[in-house]
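Notes for the one structure printed next.
The values are calculated or read from the model by the stated rules, or taken from the named source; none is laboratory data. Keep in mind the model is a prediction, meaning the values are calculated, not measured. Neighbour counts are summed over all protein chains in view; Cβ atoms, including those assigned to glycine, are modelled from backbone coordinates with ideal geometry. Just the protein is used for accessible areas: all its heavy atoms, side chains included, with ligands, DNA and RNA removed. Shrake-Rupley method; radii C 1.70, N 1.55, O 1.52, S 1.80 Å.
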Amino acid sequence: MICLADSVLRPLLDTELELANRWAVMEGWNPGPDDARLLNTVDPGSVLTVDLGGSPAGIISAVRLNPAHGFISFLLVAPELRRRANLGWQLVQAGLDRLAGCSIGTE
């Protein structure tokens, strides 16, 4: 785990993966019902969260598809926490760090 000020960056737990889909639907996106779980299956630990006080505050998926290519999606921050401590930027940086050396696609 990497400490980020008052937050902790960690992989989203299997029991929390549905949260990514739920938040995406709340934003008007149309994810498949198991998209986050599938991304995490392709590259275990690729769905990350910024955890505040034991609960996910934001999510990003940074999937390494192969040694040279990665893909970033599911960048979401809980609506009530947006603009707080630059959580979105912390997630983007974590995703880019995770995929260092890859060409990166985004959605």
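Springs between Cα atoms under 10 Å define the GNM used for the chain, and in it the highest mean-square fluctuation of Val42, Val63, Val92 occurs at Val42. Just to confirm a number: summing +1 for Lys and Arg and -1 for Asp and Glu over residues other than Pro11 whose beta-carbon lies under 12 angstrom from that of Pro11, what do you get? Net charge in that neighbourhood comes out at -2.
Each Cα pair under 8 Å and six or more residues apart adds its separation to the average, and for the chain the resulting relative contact order is 23 percent. Length gained on full extension, Thr106 to Arg82, computed as 0.36 nm times the residue gap minus the Cα-Cα distance: 6.6 nm.
Roughly speaking, to the nearest percent, how much of the chain's 1.4 Å accessible area is carbon and sulfur? Carbon and sulfur together cover 57 percent of it. Maximal additional length on extending the His69-Val8 stretch stands at 19.3 nm, based on 0.36 nm per residue less the C-alpha distance. Think of each Lys and Arg Cβ as +1 and each Asp and Glu Cβ as -1; about the Cα centre, that makes the dipole of the chain roughly 240 debye. Rolling a 1.4 Å probe over the protein heavy atoms gives the chain an accessible area of 56 Å² per residue.
Across segment 50-66, computed HN-Hα scalar couplings (Karplus, 6.51 cos²θ - 1.76 cosθ + 1.60, θ = phi - 60°) run 8, 9, 10, x, x, 10, x, 10, x, 9, 8, 10, 10, 9, 8, 7, 7 Hz from first to last residue, x flagging Gly and Pro. Our helix-only sum for the chain, with -39,500 (n - 2.57) per DSSP H run of n ≥ 4 divided by its residues, gives a mean residue ellipticity at 222 nm of -8000 deg cm²/dmol.
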